[in-house]
Amino acid sequence: MRSNKLLLVSLILAVAFVASATVSMAAPIVMKFSHVVAENTPKGQMANKFKELVAQRLAGKVVVEVFPSSQLFGDNKVLEAMLLGDVQLAAPSLSKFQKYTKSLQIFDLPFLFKDMAAVEKFQQGPEGQKLLMSVEKKGLIGLGYLHNGLKQLSASDPLRVPADAKGKKFRIMTSDVLAAQFKAVGAMPLKKPFSEVFTLLQTRAIDGQENTWSNIYSKKFFEVQPYITESNHGLLDYLLVTSIEFWMGLPDDIRAELKKALDEATAFGNKVAAQKAIEDRQKIIDSKRCTIIELTDAERQLWVDAMKPVWKKFEKQIGKEYIDAAVAPN
Ligand code: LMR
């Protein structure tokens, strides 16, 4: 009788030992973070910071693998891949979500935000926070916004007034608002992936593009575009995005720790973005490879007048309440 009991206890202990060994030996959760920019950009540095924080705080539990420069997916494929479970984190530009929600189109409206402080205020306010969940119906969750900054216009010819853009071909991200913005000045917009922009500019297949100082610098667009108009006409920020299936499938404590690391990495990335908007602009000027065109108030107003009718066109799709909230900080 006593030996039977002993046998049972040893059996239970053995099973418990094997179970605990299996748990402690369980493979860590792998989070693939795919993006399209270089590592020395705000998003590139944010991604690397996130990886570093997770390695410090969730060692053995979660491993973040970062794939920069469209190495794993371009932005045209990354969200589909996310829904299939092939990638767990991405931060596409807010301009690339139109298949998933119409509301985020607000961020493409030309001359909507006066500066990055106005952007931050809107994003962190109630409407901005509500927009994070606008992709939920499609199986995605917006975990936060990440800044890059305001866009400039680069071109093979000087662009001072809207008429200078007439008939010219501009690469745009996959956004109907951006298409309307260029059509409003008589230009021809072409939706093309980021990875193709340099070659399109170099071969003169297109005349120009719009982007932030850090993207123009890190991808060397300034080497093949002799003019940059400092227009600050639109925003290029990102949505940090994951799939509901992945995110809600995580243990609560791990999800909370990941969100904390993500918020810290984002704050870091936002600082880099603010610095790079100044430093990369200066590096481009110092390179002497292209002329920076600064607009007078009157010239700038011509661009505003030409492009602003786009707001009305998209007001219904976006929701007027969001547009009103976005312009309030101005
Ligand atoms: C672009 O396609 O121009 C940008 O979205 C690239 C990026 O991620 O900053």
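Please treat every number below as a calculation from the coordinates, not as lab data. Fair warning: this is a prediction, and the values are worked out from it, not measured in the lab. Virtual Cβ from ideal backbone geometry, glycine too; neighbours counted across all protein chains shown.
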Inset, instruction - Give Ala81, Ala91 a once-over and let me know the one that is of a type outside the set (Lys, Arg) and either within 11 Å of the ligand (Cβ to nearest atom) or within 17 Å of Pro42 (Cβ to Cβ) (or both). - result: Ala91
Inset, instruction - May I ask you to say which residue of Gly60, Gly74 is assigned to a loop (DSSP other than H, G, I, E, B), on the phi > 0 side of the Ramachandran plot and of a type outside the set (D, E, K, R)? - result: Gly60
Legend entry - Test result for Ala165, more than 16 Å from the ligand (Cβ to nearest atom), crowded, with 21+ Cβ neighbours inside 10 Å and more than 23 Å from His35 (Cα to Cα): yes
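Residues are listed down the side, and each one gets a yes or a no for (1) within 18 Å of Val119 (Cβ to Cβ); (2) in contact (Cβ under 8 Å) with a residue 40 or more places away in the chain:
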position	(1), (2)
Asp252	no, no
Asp263	yes, yes
Phe268	yes, yes
Val272	yes, yes
Thr296	no, no
Leu302	no, yes
Glu315	no, no
Ile323	yes, yes
Val327	yes, yes
Inset, instruction - Quick one: in the range 37-52, of everything that is hydrophobic (A, V, I, L, M, F, W, C), surrounded by 19 or more Cβ atoms within 10 Å (Cβ to Cβ) and in contact with a helix residue (DSSP H, G or I) (Cβ under 7 Å, 6 or more places away or on another chain), which residue is farthest from Asp237 (Cα to Cα)? - result: Phe50
Legend entry - In the range 77-112, the residues that are over 12 Å from Thr174 (Cα atoms), of a type in the set (D, E, K, R) and not in a loop (DSSP other than H, G, I, E, B): Glu80
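Conditions tested, residue by residue: (1) surrounded by fewer than 22 Cβ atoms within 10 Å (Cβ to Cβ); (2) under 30 Å from Asp297 (Cβ atoms); (3) away from the ligand (no atom under 16 Å from the Cβ); (4) in contact (Cβ under 8 Å) with a residue 40 or more places away in the chain.
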residue	(1), (2), (3), (4)
Met116	yes, yes, no, yes
Glu127	yes, yes, yes, yes
Leu140	no, no, yes, yes
Leu143	yes, no, yes, yes
Leu146	no, no, no, yes
Ser154	no, yes, no, yes
Met173	no, yes, no, yes
Val177	no, yes, no, yes
Ala180	yes, yes, yes, yes
Inset, instruction - Among what's in the range 152-195 and is among the aromatic types (Phe, Trp, Tyr) and either farther than 15 Å from Gln225 by Cβ or not in a strand (DSSP E or B) (or both), pick the residue that is nearest to the chain's Cα centre (by Cα). - result: Phe194
Legend entry - Top-ranked residue in the range 184-226 [being under 23 Å from Leu109 (Cβ atoms) and more than 15 Å from the ligand (Cβ to nearest atom); ranked as surrounded by the most Cβ atoms within 10 Å (Cβ to Cβ)]: Ala187
